[in-house]
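A.B. asks: Dropping the structure in here first, questions after.
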Amino acid sequence: MNPKWMIGAAAAAMLAAGCATKKGFEQPGFAFGCPIGEAKVGSMDDLVSTKVVSEGRRTTIQATEMRCSKVGELLKIDANLNNDSRSVKRLAYKFRWIDREGMRAWEEEPWKPLMLYENSNLVINTISPTNKAADFRLILRSEE
């Protein structure tokens, strides 16, 4: 066998083994960069179900992905919303900011209106208004 080929195959195997595990990737209490506390989150669907809340009239728009990161001491959130229907949907959303003790870290935000066209995705993003915000909920409401 060609030694270069064997070295390349060994490197590929080590890379694949390293990508197959999440150990060392996430810090405890976080999933996909988002704070989860003691919640059991094993997939993106689990994360979305713990972070997204419907309030008022339910919407058919679904949050499908969520990622978080830190910008200095502030929490940055990107959430993907999906409209898989054949019509334009109107909804409103807001974020509720929660401190380390589980209390509200910031005053209630106003609703932000949004329109999603048929069969489309939209990424909404925000940054926490204060460094006291250690967690959040994305709240969705139908405007139809």
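A.B. asks: Please state the relative contact order of the stretch 22-73 as a whole percent: Cα pairs under 8 Å, 6+ residues apart?
C.D. replies: On the way: 37 pairs, mean separation 18.5, N = 52.
Relative CO of the stretch 22-73 lands at 36 percent.
A.B. asks: Here is a follow-up. Rounded to the nearest 20 Debye, what is the dipole magnitude of the stretch 48-144 about its Cα centre when Lys and Arg each give +1 and Asp and Glu each give -1 at the C-beta?
C.D. replies: In debye, rounded to 20, the stretch 48-144 gives about 80.
A.B. asks: Less than 11 Å Cβ to Cβ from Lys132, Lys/Arg counted +1 and Asp/Glu -1: what total charge do the surrounding residues give?
C.D. replies: -2
A.B. asks: Here's a follow-up. If each Cα of the stretch 49-125 is one equal point scatterer, what is log10 of I(q)/I(0) from the Debye formula at q = 0.11, 0.22 Å⁻¹?
C.D. replies: The calculated log intensity ratios at q = 0.11, 0.22 Å⁻¹ are -0.33, -1.15.
A.B. asks: Explain nothing, just compute: Karplus ³J(HN,Hα) = 6.51 cos²θ - 1.76 cosθ + 1.60, θ = phi - 60°, for every residue of the stretch 94-109 in order, whole Hz, x for Gly and Pro.
C.D. replies: 7, 10, 10, 9, 10, 8, 5, 8, x, 9, 5, 8, 8, 5, 4, 6
A.B. asks: Pull up all non-local amide H partners of Ala105: gap of 5 or more, or a different chain, and H-to-H distance under 5 Å with H placed in the peptide plane.
C.D. replies: HN-HN under 5 Å from Ala105: Trp97, Ile98, Asp99.
A.B. asks: Leu122: accessible area at probe 1.4 Å, nearest 10 Å²?
C.D. replies: The accessible area comes out at roughly 60 Å².
A.B. asks: Averaging sequence separations of C-alpha pairs under 8 Å and six or more residues apart, then dividing by the length of the stretch 73-144, give the relative contact order as a whole percent.
C.D. replies: 49 percent
A.B. asks: Whole-Hz ³J(HN,Hα) for each residue in the stretch 51-57, computed from phi via Karplus 6.51 cos²θ - 1.76 cosθ + 1.60 with θ = phi - 60°, x for glycine and proline: what do you get?
C.D. replies: Calculated HN-Hα couplings, in order: 9, 9, 10, 9, 10, x, 6 Hz.
The values are calculated or read from the model by the stated rules, or taken from the named source; none is laboratory data. The shown structure was predicted, so the numbers you read here are calculated from the model rather than taken from an experiment. Here the Cβ is made from the backbone with ideal geometry for all residues, glycine too, and neighbour counts use every protein chain on show. For the accessible areas, the whole protein counts, side chains as well, though only heavy atoms, and no ligand, DNA or RNA atoms are used. Shrake-Rupley method; radii C 1.70, N 1.55, O 1.52, S 1.80 Å.
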